[in-house]
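What follows is a single structure, written as structure tokens, with notes after it.
The values are calculated or read from the model by the stated rules, or taken from the named source; none is laboratory data. Everything numeric in this text was worked out from a predicted model, so none of it was measured. Methodologically, a virtual Cβ is constructed for each residue, glycine included, from the backbone with ideal geometry; neighbour enumeration extends over all protein chains shown.
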Amino acid sequence: MKDDTRRHPFRDSHQDREDATQVPDTPQTRSPAYALAFADDDFMCRDELRPVRLQLELLKPEMLLDEAGIKSTVVMFGGARIPEPAKKDSARTQTLADLSVYYDEARTFARLMTEKGDANENVVVTGGGPGVMEAGNRGAVDAGGRSIGLNIVLPHEQAPNEFVTPELCFNFHYFAIRKMHFLMRANAITVFPGGFGTLDELFEALTLIQTGRMAKVPFLLFGRKFWETIVNWDALSDAGTISADDLDLFRFVDTAEEAVAALEAWEGVGEKRGEIPGR
């Protein structure tokens, strides 16, 4: 029976892949050269195939998110080591224990945004891991909604947090492609306290907006005290390495309710800078 979803009359690749496993066992069929190229894991992992792997890693989540009807997202970056308040006594440092308040704020914010949106708009997206990421996905579950998790393979054993919607849970090899998927549908970006990874995500996204490579979206940093301790923003402006106008690209908030209010009042969404102030 013909598959009505196919757009061509040619033989199906799934069937050929299956049939290729049923061929007679001979020296020729056992040779790696005989394996179908698209079904040959060793071939696909060759250095020369990196451009193909990059394309596949961009394409797979894009196709599945499109098929799931995801139109826009709210990005939630933040530290994997921040515990939920009930487990703060196990935190490595007192500062981490104190930062557990942002687990609850992230969870509440994700719940509020999920309740305000619909199944396809402003869907929460996190890195899919523990800490603030878990709180974001958990808040979406609290509201009965879906959320996205963009995990990445790391040397230590890990798994996505249990609150990510399974069919919207993706795994990446390339950090760069993962970052693109964070921002491609972003209607807003929120950044909670975190470490190197969070700082990397924060400054890459800010740089894209600063340089006009990405349209302006609401950009919120949760925890003014934390962020003003970690980064001397005014010193960057005073030194002239950034413009004073660049400090208007983001705002500080401390609570989920304050963040929602800031998103609703944000101006200039969708604009792109034509020139960089101070250049």
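Of the residues making up region 206-228, those that are touching a Phe, Trp or Tyr at 6+ places or on another chain (Cβ under 8 Å) and within 16 Å of ASP245 (Cβ to Cβ) number 3.
In the set GLU105, GLU121, GLU57, GLU18, only one residue is among the acidic types (Asp, Glu) and in contact with a Gly (Cβ under 9 Å, 6 or more places away or on another chain); that residue is GLU105.
With respect to the conditions (1) under 24 Å from the mean Cα position of the chain (by Cα); (2) small (Gly, Ala, Ser); (3) more than 27 Å from MET180 (Cβ to Cβ), SER237 lacks only one, and its number is (1). Checking each residue in region 22-52 for being part of a loop (DSSP other than H, G, I, E, B), under 38 Å from the mean Cα position of the chain (by Cα) and free of Cβ contacts under 8 Å to residues at least 12 places away in the same chain picks out ASP40, CYS45, ARG46.
Taking the listed residues ARG92, ARG81, the one that is farther than 22 Å from PHE182 by Cβ and assigned to a loop (DSSP other than H, G, I, E, B) is ARG92, with no other qualifying. For ASP66, the conditions (1) of a type in the set (D, E, K, R); (2) over 25 Å from PRO166 (Cβ atoms); (3) not in a loop (DSSP other than H, G, I, E, B) all hold with the exception of (2). Among residues of region 60-74 that are on the phi < 0 side of the Ramachandran plot, those with a beta-carbon under 6 Å from a residue that is in a helix (DSSP H, G or I) at least six positions away or on a different chain give the pairs PRO61/HIS181; VAL74/MET113.
Note on region 108-133: residues that are buried (at least 24 other Cβ atoms within 10 Å of the Cβ), over 13 Å from the mean Cα position of the chain (by Cα) and in a helix (DSSP H, G or I) total 4. Scan region 95-107 for residues that are surrounded by fewer than 17 Cβ atoms within 10 Å (Cβ to Cβ) and not in a helix (DSSP H, G or I) and report the count. Residues flagged as surrounded by fewer than 17 Cβ atoms within 10 Å (Cβ to Cβ) and not in a helix (DSSP H, G or I) within region 95-107 amount to 0.
Selection within region 158-200: residues that are touching a strand residue (DSSP E or B) at 6+ places or on another chain (Cβ under 9 Å) and of a type in the set (Gly, Ala, Ser). The member of this set that is nearest to LEU96 (Cα to Cα) is GLY194.
Total residues in region 251-274 satisfying the condition of being modelled with pLDDT of 90 or more and of a type in the set (Gly, Ala, Ser): the figure is 5. Among the residues of region 228-270, those that are charged (D, E, K, R) and over 19 Å from LEU202 (Cα atoms) comprise ASP238, GLU257, GLU258, GLU264, GLU267.
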